[in-house]
């Protein structure tokens, strides 16, 4: 590694080798060559004068790319595709004359971009279902553990630790559905020619539209696609890039929401991300256990969400049948959207595989707030004993405000129950009141909702993806 020039942190710190290969030059140029082979085979099948020997020669050199020849040629002609056509021809002299026959640069460029996006989406999908599986196990384990629920970041009622995890999962399931939709609707550009009219292929096949359509169909089938785009200019619509980047942005949004919640819970000392024995939380404060993994998720998610604007702007300004102001932008924006989400899911897998729950702290914090939340139940029990509902409501209002002032202004404990016990108007003993204050009575249908959500929504997806579950991610930075 050199240390005297910029190197992307995605390469050195964040993204997996697997995802980096997807967006590597090797994967790109090998795919170009596979596309040239597929084109030659399809054209031969429709009657063009291409021999089996030529195709065999192309196949023999599909992966041993002579980069130096291509780079030397590109310095001369300033055209990457024609430089690689030339380099491939040096290795395949018998087939040199039929490489790229009838095609334009976007035949290899755009079709490769679609193939690469599909490869990336499949990796994202696999990692996404692994995150969901980890959270599903967590939700099941803590399905009934009461904890404070918040609206406006203020204690509201009670929920359960497991129910909160279903909220994280629900958004991830929405992202999974969007990823699946993108995978199912991706289409190759096909062989459309310079302005999308297939004029060069009409020349090659003497205007036989059936043969031209058959060429496209065979190329698509060779790469596992069931269709090509129905109409295009020279390129596929850049809205496709926007749609894919938006799906990736959705994953980033959901992961960021999870990570922000975890950072708040760590501040409350209710839950934490994994913390290794020799991990240093702060260079200045040895006692600290900073939620650095979740902070990194939020940082990367912010980048991915912002990055999704790039293909939106690119799609909006493609003049007529094509311009080239998309190329420099999309080769950065699309790759880094995938690399960013890959990194986010790697971290999230690591975090969700070792979530730490401090049940005693959770219970303690619940009991500090529960007297306020239980006032309606207390009032109803007091009414059953003959109390006046309106009078009791007013007394509870006064007692609750006094107790709140004692907590906020005096720094004391919540003494609302003591105040109610001392008020004869309620006619309830301390034992009767404490029986009402069981947190499990205030979580509503949380545990049932966890069970139903897992059984009806999550488990079927995980069962179908059983062959890819169990993935682990170790973090090194």
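The values are calculated or read from the model by the stated rules, or taken from the named source; none is laboratory data. As the structure is a prediction and not an experimental result, all values here were calculated from the model. Neighbour counts run over all protein chains shown; Cβ positions are idealised from the backbone, glycine included.
I'm trying to understand the selection: among the residues of the range 312-324, which are under 23 Å from residue 193 (Cα atoms) and surrounded by 12 or more Cβ atoms within 10 Å (Cβ to Cβ)? Spell out how you get there, then give the answer.
First, the residues of the range 312-324 that are under 23 Å from residue 193 (Cα atoms): 314-324.
The answer is 314, 315, 318, 321, 322, 323.
Looking at 43, 18 in this structure, which one is within 21 Å of residue 204 (Cα to Cα), part of a helix (DSSP H, G or I), in contact with a helix residue (DSSP H, G or I) (Cβ under 8 Å, 6 or more places away or on another chain) and in contact (Cβ under 8 Å) with a residue 40 or more places away in the chain?
43
A quick yes/no check of all residues on (1) at pLDDT 95 or above; (2) under 22 Å from residue 262 (Cβ atoms):
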{"site": "295", "(1), (2)": "yes, yes"}
{"site": "302", "(1), (2)": "yes, yes"}
{"site": "323", "(1), (2)": "no, no"}
{"site": "338", "(1), (2)": "yes, no"}
{"site": "350", "(1), (2)": "yes, yes"}
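Any residue at all in the range 116-127 that's touching a strand residue (DSSP E or B) at 6+ places or on another chain (Cβ under 8 Å), under 29 Å from residue 195 (Cα atoms) and in a helix (DSSP H, G or I)?
no
Hey, among the residues in the range 369-385 that are out of contact with any helix residue (DSSP H, G or I) (no Cβ under 8 Å at 6 or more places or on another chain) and exposed (fewer than 15 other Cβ atoms within 10 Å of the Cβ), which one's modelled with the highest pLDDT?
384
For a quick check of your reading of the model, give me the residue pairs whose first member lies in the range 173-190 and is within 20 Å of residue 31 (Cβ to Cβ), whose second is assigned to a helix (DSSP H, G or I) and modelled with pLDDT under 95, with beta-carbon atoms closer than 6 Å and at least 6 apart or on different chains.
Here the result reads none, with nothing in the range 173-190 linked to a residue that is assigned to a helix (DSSP H, G or I) and modelled with pLDDT under 95.
Suppose we filter 139, 103, 144, 133 for residues that are assigned to a loop (DSSP other than H, G, I, E, B), modelled with pLDDT of 95 or more and surrounded by 22 or more Cβ atoms within 10 Å (Cβ to Cβ); which single one remains?
Numbers: 139 fails: assigned to a loop (DSSP other than H, G, I, E, B); 144 fails: surrounded by 22 or more Cβ atoms within 10 Å (Cβ to Cβ); 133 fails: assigned to a loop (DSSP other than H, G, I, E, B).
The conditions single out 103.
Just need a number here: residues in the range 423-474 that are under 26 Å from the mean Cα position of the chain (by Cα) and either surrounded by fewer than 17 Cβ atoms within 10 Å (Cβ to Cβ) or in a helix (DSSP H, G or I) (or both).
24
Please go through the range 400-417 and pick out each residue that is touching a residue at least 40 places away in the same chain (Cβ under 8 Å) and in contact with a helix residue (DSSP H, G or I) (Cβ under 6 Å, 6 or more places away or on another chain).
Residues satisfying the conditions are 414, 416, 417.
Which of the residues belonging to the range 147-176 are crowded, with 24+ Cβ neighbours inside 10 Å and part of a strand (DSSP E or B)?
Correct list: 147, 160.
Among the residues of the range 47-62, write down those that are within 23 Å of residue 31 (Cβ to Cβ) and outside any loop (DSSP other than H, G, I, E, B).
Within the range 47-62, the subset within 23 Å of residue 31 (Cβ to Cβ) is 48, 50, 52, 54-62.
Listed by number, the residues that qualify are 52, 54, 55, 56, 57, 58, 59, 60.
I'd like to verify a number: residues in the range 192-222 that are in a loop (DSSP other than H, G, I, E, B) and either touching a strand residue (DSSP E or B) at 6+ places or on another chain (Cβ under 9 Å) or surrounded by fewer than 16 Cβ atoms within 10 Å (Cβ to Cβ) (or both), how many?
6
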